[in-house]
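K.L.:
I have a structure I would like to understand better, so I am pasting it below and will then ask my questions one at a time.
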Amino acid sequence: MDPYPDPDPYPHPDPDPGACECVPYYLCREGEIISDGDGLIDIRFGDGEEDKSSSHCENWLDVCCKAPEEKPLAELVEEFLDEDYEPSCGHRNPLGVSVELSGFKEGESQFGEFPWMGIILQDEELDYGNVIQRYVCGASLIHKQVVMTAAHCVKGRDVSKLSVRLGDWDTKHEKELFPHEHHKVASMDIHKRFNKRTLFNDIALLYLAEPVELKQHIDTLCLPKYRADYDETKCVATGFGKDTFHGGQYQNVMKQVDLTTVKRLDCQKSMRTTKLGRHFRLHSSFTCAGGEEGVDTCRGDGGSPLACPSKEDPDKYVQVGIVAWGIGCGEGGVPGVYASVPKLMKWVEEKMAARFPSEEEEYQPPRRLLGAAPPI
């Protein structure tokens with residue numbers, strides 16, 4: 001069952017069956033179905049153009065395209081998939097993977113743009129033995145067998161019912177070029193000093209039952225050096241959460257929000273102007289970002305990553321925060337609050353080294369670059 005029940009935001013009229021064939025967007029170029037596996041397309045949603053590369057199909061990720069004279073669709077897809085890939089942590093695909101989409105107006109990401117993004121799901125048993133998967137929180141892949149999320153997302157949950165979806169982009173359809181994957185969670189570690197009331201030390205690591213095969217649209221996010229300073233850095237948060245904290249709808253397509261990190265004392269000062277009061281103290285395990293009206297992570301984004309360009313290599317991204325809490329959503333002058341990954345790296349290193357002792361050197365970030373939020 002789809003955990004995002006909101007209606008399709010891109011309804012289209014029925015196509016003319018005699019003029020074209022509805023196929024996934026990545027198989028169409030200049031009105032004709034691609035037969036050589038090469039090139040990109042430019043899909044425009046709602047911009048007034050009515051050529052055959054615009055979508056008139058029932059599924060908004062399909063396009064109406066002239067049928068090919070040879071090769072079945074399955075064979076064409078295989079041509080796209082048959083590409084060598086060298087895994088690399090923190091690699092962002094700003095133009096998407098194999099196809100670039102345009103015309104988005106609501107902060108949608110490109111397909112495969114953030115290959116580290118994950119979704120935590122929980123099995124829920126219904127009547128007559130039926131089982132569905134409910135959305136829990138966002139997460140990030142930081143190792144081929146480890147996912148990082150917020151402790152408040154998974155504390156008290158039955159680990160045997162948890163799984164992680166990787167490589168997803170549009171949660172309502174399965175028309176992406178590369179399919180998403182489900183991985184069962186075998187065990188988890190929650191910070192021993194996590195406070196469920198204040199969300200201090202809001203971090204957890206989920207260990208997958210089997211290693212993930214890294215691909216173009218599924219790869220890891222780098223980890224920062226211990227206590228690295230990312231104040232006043234332009235970063236990006238991703239997620240499938242609601243567009244507003246009270247009410248709102250979960251997002252079908254992965255959204256991205258560009259945010260600038262805020263100095264700790266400046267964030268604390270802003271928080272003291274809210275209902276938290278003038279005596280509020282921002283805990284050392286937090287960092288802040290945002291504060292621009294209408295631009296924020298919201299309910300359901302909990303556990304999702306805040307990623308910033310690496311200081312050593314700006315082309316790579318490192319995880320600086322984990323979506324934790326906020327006062328409302330997108331209120332002007334009030335930043336969102338994140339668990340600070342740099343300040344919690346000692347705990348991460350300890351747990352990773354214990355879990356993967358043969359890879360201990362891999363988890364020494366000071367010497368080597370690594371490859372639903374409740375209100376207060």
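K.L.:
In the neighborhood of residue 261, defined by Cβ-to-Cβ distances under 12 Å, what is the net charge if each Lys or Arg adds +1 and each Asp or Glu adds -1?
P.N.:
-2
K.L.:
Past 28 Å, Cα to Cα, is the threshold; run 234/346; 161/196; 155/343; 255/351 against it and keep the listed order.
P.N.:
Distance filter (> 28 Å) returns 255/351.
K.L.:
Ok, one more. Calculated FRET efficiency, residue 350 and residue 276, Cβ-Cβ r, R0 41 Å, to nearest 0.05?
P.N.:
That gives a FRET efficiency of 0.80.
FYI, it's all coordinate maths here, none of it is from the lab. It should be emphasised that the depicted structure is a prediction, and the values quoted were computed from it without experimental measurement. All Cβ positions, glycine included, derive from the backbone under ideal geometry; neighbour counts span all protein chains shown.
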